[in-house]
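Below is one structure, written out as structure tokens; comments come after it.
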Amino acid sequence: MPRTGPPPESPYPGPAPQRGRATAEAGGRNAAGAAPGRTSGRLRAGAVALVAGLAGGLLALGGAGLSGNLGGEGDTVIVRDALPLQDRVAARDGGRPFVAPPAGGGPSPDADGGSVPPIQDVVARTAPAVVKVITGPPGADPDGRLGSGFVISADGLVLSNAHVIEDASRVSVTFDDGTEMEGEVLGRDASTDLAVIRVGGLPAGVRPLDLGSTDGLVVGDGVIAIGNPFGLERTATAGIISALKRIIRAPNGFEIQNVIQTDAAINRGNSGGPLLDGAGRVIGINSQIATGSGGNDGISFAVPIDTVRPVVNAIVRSGEAEHAWLGVTGRQVTPAIADALGLGDTRGVAVVAVDERGPAGDAGLTPAGTPLEADVPLGGDIIVRVEGLPANDMADVSREVSSRAVGDPLTLTVLRDGVRRTLTITLADRPGDVGLAPGARP
């Protein structure tokens, strides 16, 4: 919904990341949509359920683990691996990787000889900005939907998950000191599972969280999650980044790529809370878990902050979500495909389809002339670099697209007929029918 008054250019304190890592444009079908207490059909053998991290107070898990219903109306979706993680060891802009503190506390050395704060310091500094979010006005009996959120600006902007608030226009936001405020829902975006809330002010001592970037993260980096599992306020857990480039399904069936997988314990009620790096910066919003038991099995997923940053800015500016869009379908050039095309050790993304409505088509990007399922895509452009970085797979392309705003330029280096060409494409707003499950809302 539109809000009154001139919005700030950006709700975020501090500089934006140099390069974001965000989601793909391709969508998928929703694997469920069951009503509370009902399963959504038999899961295929070997699959695990991804459960939206909801909580209805201190409710027992019961036997609902495989249905994805843990006291709320979260969708059950199936997780699958994205393309293999490429070596990404660039240092993070302005920060250092987390290293567990030695026994007895105190700062820990990192690989560069510097130090990072111990977990205790990070939690003490950031926890006051983590809030409990309940649908309904302050003082009212909650309707069973409880989650987490976190403050990102001094004027009271709070981020949470769309599946926590669903269609509510007002929510109750409770701070660490017990202060309870009514929050206005400025907007929500089901395809990134994002909700943006505004409260009238911040209690004394609450400092907005700094937003980081997933750029340069590697498996093994330490992370901290803070939230309200089972209604237990501001619970902190720690772990590592277990994997990157995972794919999960948003509540409306859209595929979210470049998702962060962590073994930090996340349960119902953690949804909407922050996943922090070792310096206390937000790198993701905790959203789903993979479970065979109905509880935390050590596999949790956070939507990367680079994915939601431009969506938040659009919602604050206009009340409506926007999603930068290129309009291509790509396929990784594997060693076998490169050999068949005579490309040697060239790696990249073969363009196999171009949406005629998108900016890629307007810029002259050429798709392969073979069917999508062909063993070797022939005759089309191959994206070898995006914004100067190697394009090893479609996730590399999608992170650069989705971390940008509608109207931003994107530079691609493509291989066409053996010749490298550079294209600068102005990103468009993604059409509402792209990548959604049938009947789903954007």
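The values are calculated or read from the model by the stated rules, or taken from the named source; none is laboratory data. These numbers come from a predicted model, not from an experiment. All Cβ positions, glycine included, derive from the backbone under ideal geometry; neighbour counts span all protein chains shown. Just so you know, the surface numbers come from the protein's heavy atoms only, side chains and all, with ligands and any DNA or RNA stripped out. Shrake-Rupley method; radii C 1.70, N 1.55, O 1.52, S 1.80 Å.
Miscellaneous remarks
- Any hit, the stretch 184-192, residues being among the small types (Gly, Ala, Ser), within 19 Å of SER271 (Cα to Cα), open to solvent by less than 10 Å² (accessible area, probe 1.4 Å) and touching a residue at least 60 places away in the same chain (Cβ under 8 Å): yes
- Looking across the stretch 290-345, the residues that are part of a loop (DSSP other than H, G, I, E, B) and among the hydroxyl-bearing types (Ser, Thr, Tyr) come down to SER293, THR334.
- Of all residues in the stretch 236-259 being among the small types (Gly, Ala, Ser) and surrounded by fewer than 21 Cβ atoms within 10 Å (Cβ to Cβ), the one that is farthest from ASP297 (Cα to Cα): ALA236
- Taken over the stretch 416-437, the residue count meeting the criterion of being under 15 Å from ILE382 (Cα atoms) and part of a loop (DSSP other than H, G, I, E, B) is 2.
- Flag for GLY348 being open to solvent by less than 10 Å² (accessible area, probe 1.4 Å), within 18 Å of ASP417 (Cβ to Cβ) and not aliphatic (A, V, I, L, M): yes
- Filtered by the rule that a residue be open to solvent by less than 20 Å² (accessible area, probe 1.4 Å) and either touching a Lys or Arg at 6+ places or on another chain (Cβ under 9 Å) or of a type in the set (D, E, K, R) (or both), the stretch 381-397 gives ASP381, ILE382, VAL384, VAL386, ALA391, ASP393, ALA395, ASP396.
- Pairs, first in contact (Cβ under 8 Å) with a residue 60 or more places away in the chain and under 21 Å from ARG309 (Cβ atoms) in the stretch 200-217, second of a type in the set (Asp, Glu) and assigned to a loop (DSSP other than H, G, I, E, B), C-beta under 7 Å, six or more apart: GLY212/ASP277; SER213/ASP93; ASP215/ASP93
- The selection criterion, being within 19 Å of the chain's Cα centre (by Cα), under 27 Å from ASP408 (Cβ atoms) and modelled with pLDDT of 95 or more, holds for VAL312.
- Residues considered: GLU387, GLU400. Of these, the only one that is of a type outside the set (Val, Ile, Thr), touching a strand residue (DSSP E or B) at 6+ places or on another chain (Cβ under 8 Å), at positive phi and in contact (Cβ under 8 Å) with a residue 60 or more places away in the chain is GLU387.
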